[in-house]
Amino acid sequence: MLRPTELIGRAIIASYPGDDTGHDGGDAKNPWLGLIPLLIFLADFIIFLPLWLIASYTFGNVFPVLVMVEDENPPPYEPVSRDDPEAVSVSLPEEPRVSPRNKASDCGRDKPIGPSLRGLNRLLRSDCGFRAYLKGLACFFFMNTVNVLLLTTFAGALHPLLAPLGTLVASLALVQVSTAWVHIVITPLSGWFFWRRLPSFKRAFDATWKPVVLFWLATEVATLIIQLTGACLDMNVFGVYKGMPVDVDGIEWKGPVLFVVALVLTMVITVPAHVILVRVQASLLPMDRNTIIPFDRTFGGKVEPAVVGGLGYATISDAWSTLSLGAWRRLYTLYAKVLLVNVAIGFAFAGIIYAEFALFGIRD
């Protein structure tokens with residue numbers, strides 16, 4: 001298979017006058033014509049890059065978080081927080097404070113927005129237009145970049161068998177950033193930089209270290225089972241990570257089997273652990289911040305403010321027990337839709353590139 005740089009180079013050569021593709025060099029006076037294929041390919045990437053970014057980031061990360069925290073039965077009013085200093089004031093505010101939960105109720109919405117891609121898209125666009133698609137992207141990019149750097153550092157310092165511990169250490173070190181990202185996603189867009197939204201490390205660590213460990217353990221167990229399944233099928237799964245040749249004998253049936261195993265493990269182990277982590281992180285949202293989607297801060301009355309002796313955030317049990325079967329069904333339906341969208345975009349991009357290669361006479 002050709003690399004992208006090789007493909008672009010051959011695209012230029014194929015259309016350049018006097019090359020080995022059958023041109024007679026009659027167009028030697030117009031060498032700029034050789035740049036036409038390159039410009040077309042660049043146009044493809046310019047068009048498909050935003051689509052890929054929205055499909056992978058917004059649809060694949062932002063939408064699921066909104067569905068994970070959405071309140072199925074929002075009240076027709078916004079409960080007054082016991083932590084809110086205005087709650088004890090005898091004077092009324094000049095204008096009533098209206099939250100997104102009130103807006104949803106006033107519109108007569110009698111069912112959750114998820115897993116409707118159109119409904120979630122409309123909800124997100126109502127926040128701040130097109131910019132909402134990239135909400136939290138800077139925080140997300142920073143979090144993943146630092147995570148990779150920490151993981152590389154720990155993996156190089158530890159024994160190969162202990163390398164997975166580097167993932168855990170990196171995740172625990174970034175609990176502030178990951179929590180802030182969840183808060184940015186579920187709240188209206190503000191003019192603050194993401195580092196101004198960081199909660200205190202102690203509070204974020206105390207609330208989320210157990211869900212972080214649970215999610216790490218679920219991911220590592222799922223990865224190990226997939227690798228063992230590949231070994232049982234005589235597939236060199238480990239070679240993918242070591243640069244070794246991968247055994248492709250019987251790949252036509254072994255590949256789908258391994259894909260199904262990975263899909264089931266993701267649905268049964270990884271996703272539930274991720275849902276718990278996100279809901280616990282959402283419970284740390286400051287009381288003075290509204291959300292763009294109905295969100296029950298009390299988790300069915302299980303979470304009490306710290307001022308009355310409660311923890312002030314949800315536990316693993318609270319996050320798990322307050323999710324209904326309907327909520328799980330909506331989440332998995334959303335993931336299926338997102339997968340189909342990404343596959344459709346991938347096939348469309350590949351089809352267009354293949355057609356252009358055929359048009360310019362480029363062959364492997």
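The values are calculated or read from the model by the stated rules, or taken from the named source; none is laboratory data. Just so we're clear, the structure is a prediction, and the values are computed from it rather than from any experiment. When we count neighbours, we look across all protein chains shown, and the Cβ atoms used for this are built from the backbone with ideal geometry, even at glycine. Each accessible area value is taken on the protein alone, full model and side chains, heavy atoms only, with ligands, DNA and RNA left out. Shrake-Rupley method; radii C 1.70, N 1.55, O 1.52, S 1.80 Å.
Points worth noting:
- Check on Pro211, within 18 Å of Leu277 (Cα to Cα), at pLDDT 75 or above and in a loop (DSSP other than H, G, I, E, B): no
For (1) over 24 Å from Asn342 (Cα atoms); (2) out of contact with any Cys (no Cβ under 6 Å at 6 or more places or on another chain); (3) acidic (Asp, Glu); (4) open to solvent by less than 30 Å² (accessible area, probe 1.4 Å), each residue gets a yes or a no:
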{"residue": "Arg118", "(1), (2), (3), (4)": "no, yes, no, no"}
{"residue": "Ala132", "(1), (2), (3), (4)": "no, yes, no, yes"}
{"residue": "Phe142", "(1), (2), (3), (4)": "no, yes, no, no"}
{"residue": "Leu149", "(1), (2), (3), (4)": "yes, yes, no, no"}
{"residue": "Ala163", "(1), (2), (3), (4)": "yes, yes, no, yes"}
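- Selection from the stretch 289-302 of residues that are open to solvent by 20 Å² or more (accessible area, probe 1.4 Å) and either closer than 19 Å to Thr179 by Cβ or touching a strand residue (DSSP E or B) at 6+ places or on another chain (Cβ under 6 Å) (or both): Arg289, Asn290, Asp296, Arg297, Thr298
- Every test in (1) open to solvent by 60 Å² or more (accessible area, probe 1.4 Å); (2) under 30 Å from Ala204 (Cα atoms); (3) under 18 Å from the mean Cα position of the chain (by Cα); (4) not β-branched (Val, Ile, Thr) is passed by Gln281 save one, and that test is (1).
- Residue match in the stretch 97-113 (condition: in contact with a helix residue (DSSP H, G or I) (Cβ under 8 Å, 6 or more places away or on another chain) and either open to solvent by 60 Å² or more (accessible area, probe 1.4 Å) or modelled with pLDDT of 75 or more (or both)): yes
- Selection of first residues in the stretch 201-222 that are among the hydroxyl-bearing types (Ser, Thr, Tyr) and of second residues that are open to solvent by less than 60 Å² (accessible area, probe 1.4 Å) and assigned to a helix (DSSP H, G or I), restricted to Cβ pairs under 6 Å at least 6 apart or on distinct chains, gives the following pairs, ordered by first then second residue: Thr208/Val175; Thr208/Val280; Thr208/Gln281; Thr219/Thr270.
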